[in-house]
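Where a number appears in this text, it was derived from the coordinates with a stated rule and is not lab data. What you see is a predicted model; the values in this text were computed from it and never measured. Reconstructed Cβ throughout: ideal geometry from the backbone, glycine too, with neighbour counts over all protein chains shown.
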Amino acid sequence: MKKTHEHYLKQKNQSFSYFRINSSDLDKLKTYQFTIYDFITNSFSFSQSKKDLTIKVLNKLKEKPTSFYDLLKELKAKKSSLYLACISLEKSGMIEREGVGSPYRLSVKFSLILNEYSKWWEQWIKQD
């Protein structure tokens, strides 16, 4: 049991979003060809199966706030894979919850953070 707990703590510490900016995405964004898969690919260095699971989590939360255990049942996912997806989404600001055991829900924090990065960049390039 201790080894499993250590594994989860290690996953939690290594889970983050690294959002990759690719100027070639601009055309896809402008023509509405940018997909949730593109977004997740730009956000996480997950395997194909974890990207698919992450998209399923986001789609499920788009329907309604859902607890971890309900996601586990509904998505029929491996507990460790779902944990990694949820903790990465939560640490990036894409999903949130009020506390342990409460349901996850979509969050706008990620977009607020990106907007602040954008403002910072615009100010930085204007500095003498």
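So the values come out like this:
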quantity	calculated
Helix-only CD estimate at 222 nm, as mean residue ellipticity for the chain, using -39500 (n - 2.57) per DSSP H run (n ≥ 4)	-20000 deg cm²/dmol
The stretch 2-126 shape via C-alpha gyration tensor axes, a/c threshold 1.5	prolate
Net lengthening on full extension, Phe34/Lys91 (0.36 nm per residue, minus Cα-Cα)	18.2 nm
Principal-axis tilt of helix 79-92 within the chain, Cα atoms, nearest 10 degrees	30
Summed side-chain charge close to Pro103 - residues other than Pro103 whose Cβ falls under 15 Å, Lys, Arg +1, Asp, Glu -1	0
Stretch gain in nm, segment Asp128-Ile21, where the contour uses 0.36 nm per residue and the Cα spacing is subtracted	36.0 nm
Sequence ranges 73-83, 114-124, 89-99, ranked by mean other-Cβ count within 10 angstrom, highest first	89-99, 73-83, 114-124
Radius of gyration and maximum dimension Dmax of the stretch 12-85, Cα, Å	13.7, 39
Rounded to 10°, Cα long-axis angle of helix 48-63 versus longest principal axis of the chain	90
Simple Cβ-charge dipole of the chain, Lys/Arg +1 and Asp/Glu -1, about Cα centre, in debye nearest 20	600
Sites Asn115 and Lys64, calculated FRET efficiency, Cβ-Cβ separation with R0 25 Å, nearest 0.05	0.45
Residue (of Trp120, Ser24, Ile40) at the positive-pole extreme of the chain, dipole from beta-carbon charges	Ile40
Net charge over other residues, Cβ less than 9 angstrom from the Cβ of Thr41 (K, R count +1; D, E count -1)	+1
